[in-house]
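**Student:** Handing you this structure, nothing more for now.
The values are calculated or read from the model by the stated rules, or taken from the named source; none is laboratory data. Just so it is clear, the model here is predicted, and its values are computed rather than measured. Ideal geometry is used to build each Cβ from the backbone, glycine not excepted, and the neighbour counts take in all protein chains shown.
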């Protein structure tokens, strides 16, 4: 995980405010800062259908706000990577979508990693 001292804010962003927001996401919501310019978090669900529902909800919001993440889907988890590409760095858009992901996680009822099924459970 990158240090918040290495946070790279998108041009035009209030760096000190953005740093506070990213710190909040890291400290209280389990997000990780990567390379100073990206935040990521993995969520777990009990079923593939819940993973799919999670993705669909976030994808719909992405279309609405015109901001799109890198996403990795697995049978029991989904990982979101938020960063702003133009101008490069982190922005309030990333914070907004990270907060949306956390709120949507409650709607789809994500579970702790240890409660998600594993291949041996099949």
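**Student:** Restricting attention to the range 22-29, does a residue exist that is surrounded by fewer than 19 Cβ atoms within 10 Å (Cβ to Cβ), within 20 Å of residue 112 (Cα to Cα), in contact with a strand residue (DSSP E or B) (Cβ under 9 Å, 6 or more places away or on another chain) and modelled with pLDDT of 95 or more?
**Tutor:** yes
**Student:** Shifting gears a bit: I need the full set of residues from the range 27-62 which are touching a residue at least 24 places away in the same chain (Cβ under 8 Å) and assigned to a helix (DSSP H, G or I), in order please.
**Tutor:** Passing the criteria: 29, 48, 50, 51, 53, 54, 57, 58, 61, 62.
**Student:** Moving on to the next point. Out of 3, 10, I need the residue that is buried (at least 20 other Cβ atoms within 10 Å of the Cβ) and over 16 Å from the mean Cα position of the chain (by Cα). Which one? Steps first, please.
**Tutor:** Details: 3 fails: buried (at least 20 other Cβ atoms within 10 Å of the Cβ).
Testing whether each residue is buried (at least 20 other Cβ atoms within 10 Å of the Cβ) and over 16 Å from the mean Cα position of the chain (by Cα) leaves just 10.
**Student:** Kindly indicate whether any position in the range 47-61 is crowded, with 17+ Cβ neighbours inside 10 Å, farther than 22 Å from residue 111 by Cα and within 16 Å of the chain's Cα centre (by Cα).
**Tutor:** Looking for residues that are crowded, with 17+ Cβ neighbours inside 10 Å, farther than 22 Å from residue 111 by Cα and within 16 Å of the chain's Cα centre (by Cα), one finds none in the range 47-61, hence no.
**Student:** Shifting gears a bit: What number of residues within the range 80-98 satisfy the criterion of being surrounded by fewer than 15 Cβ atoms within 10 Å (Cβ to Cβ) and part of a strand (DSSP E or B)?
**Tutor:** Result for the range 80-98: 2.
**Student:** Could you tell me whether the range 109-122 includes any residue that is without any contact (Cβ under 8 Å) to a residue 60 or more places away in the chain, under 20 Å from residue 45 (Cα atoms) and in contact with a strand residue (DSSP E or B) (Cβ under 6 Å, 6 or more places away or on another chain)? Spell out the reasoning first.
**Tutor:** Step one: filter the range 109-122 for residues without any contact (Cβ under 8 Å) to a residue 60 or more places away in the chain, giving 114, 118-122.
Narrowing further to those that are under 20 Å from residue 45 (Cα atoms): 114, 118-122.
From what's left, in contact with a strand residue (DSSP E or B) (Cβ under 6 Å, 6 or more places away or on another chain): none.
No, the range 109-122 contains no residue that is without any contact (Cβ under 8 Å) to a residue 60 or more places away in the chain, under 20 Å from residue 45 (Cα atoms) and in contact with a strand residue (DSSP E or B) (Cβ under 6 Å, 6 or more places away or on another chain).
**Student:** If I filter the range 99-106 for residues that are more than 27 Å from residue 13 (Cα to Cα), modelled with pLDDT under 95 and exposed (fewer than 13 other Cβ atoms within 10 Å of the Cβ), do I get at least one hit?
**Tutor:** no
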